[in-house]
1. Quick check on packing: order 47-59, 85-97 by the mean number of other C-beta atoms within 10 Å, highest mean leading.
2. Apply 1/(1 + (r/R0)^6) to the Cβ-Cβ distance of ARG75 and GLU216, taking R0 = 51 Å, and write down the FRET efficiency to the nearest 0.05.
3. What whole-number distance in Å separates the alpha-carbon centres of segment 305-331 and segment 31-81?
4. At a Förster radius of 35 Å, what calculated FRET efficiency corresponds to the Cβ-Cβ distance of GLN143 and SER94, to the nearest 0.05?
5. Going out from 0 in 10 Å bins, what whole percent of all Cα-Cα distances in segment 312-380 drops into each bin?
6. Quick check on segment 336-414: take the gyration tensor over C-alpha atoms, sort the square-rooted eigenvalues as a ≥ b ≥ c, and tell me if it's rounded (a/c under 1.5), prolate or oblate.
7. With all protein chains present, how much of the accessible area of the chain (probe radius 1.4 Å) comes from carbon and sulfur, to the nearest whole percent?
8. What does the extension gain come out to for ALA407 and SER176, with contour length at 0.36 nm per residue minus their alpha carbon separation?
Amino acid sequence: MAHDVHIIGGGLAGSEAAWQLAKRGVKVRLSEMRGSGEMTPAHQTDGLAELVCSNSFRSDDDTKNAVGLLHHEMRELDSIVMRAGEVARVPAGSAMAVDRDVFSAEVEKTLSSHPNITVVRERVDTLPESGLTIVATGPLTAQSLAQSIVGATGEERLAFFDAIAPIIHRDSIDMSKCWVQSRWNKRTEASNEDGDYINCPMTKEQYLAFHQGLIEGEKTEFKEWETDTPYFDGCMPIEVMASRGVETLRYGPMKGVGLDNPFDRNEEFPQGRWPYAVVQLRQDNKLGTLWNMVGFQTKLKYAGQVELFRTIPGLENAEFARLGGLHRNTFLNSPQVLDRQLRLNAARHIRFAGQVTGCEGYVESSAIGLVAGIMAAAELSGRDWQPLPSTTALGALLSHITGDADAATFQPMNVNFGLFPPLHEVSKKQRKEAYTSRAKQDLKAWIAELSEPVPA
């Protein structure tokens, strides 16, 4: 069958994109490497949309949870992942969890039986030179295709290991214990009035206790297929640095030199003394709602991270939009190389979708596949693309990976309310419900506009 769009990758994002296109009358070739004699180190089957890690799609609460809101929005757009998830659903309280085998089989049955979809078991080694294409190959993109992507984007714009530092919601930081300042008061043109960093000071006793917590904290292990992928000094886990000596962090990411602590002033130091050690936070998105713990990529288990990082002055009540990690992953520096419609700047006939764009999680990957499919269908129909409202979960996630994130520190991200335009006039207690209510209204209006006939 001749095709209008070629999708490379039959995981969650590729399957979702294929469904969104096919139901709009677009003919799709869906290329999946597994089943052709090829296999990734992590997959167990050749089934489409196989769930490699957890069987959970996380919270299904669409009134107070960002990922639950994303579920709702995807259902409103007739997501195949949400459809199959309901068929395969297993008890999980307020979360949505599925039977892996039933889920994959349901996706494969639906796609394989659709007259507009041809599933081809083949490995694609290079980016197509022409024809509308969606690349949705995920974190285990085959080396040959990865090298083709490097050739199209530049070597420094495709990562093979993500070094994730925790990200904190700005309004959960206690600014009565920390301050804003750049080291030696050096500022960039984009800096705020006082500087680029929030600084959380530590005394010697606090630092030594924190250092010990890093050493003793329980760590996650690399999966077997990750162990041979090297990481470099620039993304070394904070606990590995700590193990090199008690002073290592004080001369690295926790260096207090050049920072005047306004909470520790005296006659000799009227501007404030330099702290014994400091944890610095750097703004992570254009909205200023998310702040990154500089140099704090880690393999500490999540519960241990929360407990230890809340001992840092000013972060006692920190709310984390993302916790730290270090994983094998293949992902683009999307804010640099993709346009707002997920198209490769260097080759506009190619879109990327799913985890390779720098989103994190089953549902987020599926959501970007869904959007990529709708975008490609709009392009084929001659319709001008109407951007998704950034007030929606879909729009906020898309905006983040296509330009709103800081390209210099870009790392994979889950959907969270810190990506949404803030609602300052709403109390913190009511904010989550306000975010979801606004999102649902705005998505409804966008869908109505999307459904209007194309002008003659």
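1. Per-residue mean Cβ counts within 10 Å order the peptides as 47-59, 85-97.
2. 0.70
3. 25 Å
4. Between GLN143 and SER94 the formula returns 0.30.
5. 18, 41, 23, 13, 5, 0
6. Working: a/c = 1.61, a/b = 1.33, b/c = 1.21.
Taking the square roots of the gyration eigenvalues as a ≥ b ≥ c, segment 336-414 is prolate.
7. Details: 9640 of 19710 Å².
Carbon with sulfur: 49 percent of the solvent-accessible area.
8. Gain in length upon complete extension: 80.1 nm.
The values are calculated or read from the model by the stated rules, or taken from the named source; none is laboratory data. It should be emphasised that the depicted structure is a prediction, and the values quoted were computed from it without experimental measurement. All Cβ positions, glycine included, derive from the backbone under ideal geometry; neighbour counts span all protein chains shown. Remember, those area values only see protein heavy atoms, side chains included, never the ligands or the DNA or RNA. Shrake-Rupley method; radii C 1.70, N 1.55, O 1.52, S 1.80 Å.
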